Every structure is written in C-alpha cells, then in structure tokens.
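Note sheet for the following structure.
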Amino acid sequence: MSQKKKKKFKFTKRHGLSLMVAGILTLLIVMYCISDEQKHWGSFFGNAIADWTGVLVTVLATKHLYERGSSESKKEPRPRLMSQPLEFVREHSLSIFLLITGAGWLIAFAHSNAQGKWGQVIGNIVSEWTQILGLVLMTKKLIEAGSEESKKGK
C-alpha cells in the first residue's frame, strides 16, 4: 500500500465518527432545504438538524476540550500550566466553548423569525446547547447508578 493511501486510511479511521456524523448532518440540511417545514418530513429534518448538530459538537468538543471534574470531557491534560488564568481556561475550556457558541446561537435566534423555517431550527439548536452544557456541568458532581462513571468510583 502506498504511503499516501496509508495516511488517508488512517485519517478516515481516526476521524470516522465525526466524519459520519458530519455527513448525516449535511444530508439532513440538504433534505430540510428542499422540504416543506410545515409537513411531517420537513419538521422531522428540522428537528434532526438540531439533534445531530448536538451530536457533532459533543463528539468534537469532548475530544479536544476539557472540563475539570466532568466525565463528559477528555482526560485531564498534563502538565499543569504555570499561569493560573490560563490553567482556569484550560480546566473549563469545554464549558467556555459551549457558553460562547451557545451565546452565538442565542443571538442568531433572537435575530431570526422564530416561526420561520430556519428560526425553528436555530431555536432547537439553542435548546440542544443548553442540554449539552447542563449535562457537562451536572456530571461534575452527579452520577447514575449502573453507568460507567459510577463504576469508576467517581
């Protein structure tokens, strides 16, 4: 196998989940664009866009960002930074990312027609963002009996 093919295979294998989710999200957006949001399928595609956007941000953000104490983020980065403000940002990068991007979605929703085709989708994305942020923050202290995190003695 050539070196170029080997690298391409490794990339798709290493990022297969995010690529597949992005592909599904793209398909849903296309289907929503060509459908009538007042009909069942159009409504389904609009809701699914928000859900799959949440899945994509969960996959990517929890892969690259960290939230101290939350089982929903990647493992704790090492070594600690010398600067306390930078360490704070790193320890809470997942929450900070979700707050900033969530504010962006909230502003977009505030400036959209809430009853319009895309206004409803953006409203659902705002809801999805609050759910993700809530889950990240709640998993800092709470566990669920029988879950992987509770078995680790969190």
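The values are calculated or read from the model by the stated rules, or taken from the named source; none is laboratory data. None of the values given here were measured: they were computed from a predicted structure. We place every Cβ from the backbone using ideal geometry, glycine too, and count neighbours over all the protein chains shown. Note: accessible area is taken over every heavy atom of the protein model, side chains too, but ligands, DNA and RNA are not part of it. Shrake-Rupley method; radii C 1.70, N 1.55, O 1.52, S 1.80 Å.
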Odd one out for S70 among (1) closer than 23 Å to L137 by Cβ; (2) surrounded by fewer than 12 Cβ atoms within 10 Å (Cβ to Cβ): (2)
Selection count, the stretch 79-89, where residues are out of contact with any helix residue (DSSP H, G or I) (no Cβ under 8 Å at 6 or more places or on another chain) and open to solvent by 50 Å² or more (accessible area, probe 1.4 Å): 6
Residue, modelled with the highest pLDDT, within the stretch 77-112, restricted to residues that are under 11 Å from W129 (Cα atoms) and among the hydroxyl-bearing types (S, T, Y): T101
Subset tally (residues that are more than 18 Å from A50 (Cβ to Cβ), over 18 Å from the mean Cα position of the chain (by Cα) and small (G, A, S)) for the stretch 83-115: 1
Which numbered condition A22 fails, given (1) at pLDDT 90 or above; (2) in a helix (DSSP H, G or I); (3) farther than 22 Å from K141 by Cβ; (4) open to solvent by 70 Å² or more (accessible area, probe 1.4 Å): (4)
Residue among I122, I100, I96 that alone is of a type in the set (A, V, I, L, M, F, W, C) and surrounded by 18 or more Cβ atoms within 10 Å (Cβ to Cβ): I122
Members of the stretch 123-151 found to be over 17 Å from E67 (Cβ atoms), of a type outside the set (V, I, T) and modelled with pLDDT of 80 or more, listed by number: G123, N124, S127, E128
The stretch 26-50 - residue that is open to solvent by 100 Å² or more (accessible area, probe 1.4 Å) and in a loop (DSSP other than H, G, I, E, B) and, of those, farthest from G123 (Cα to Cα): I34
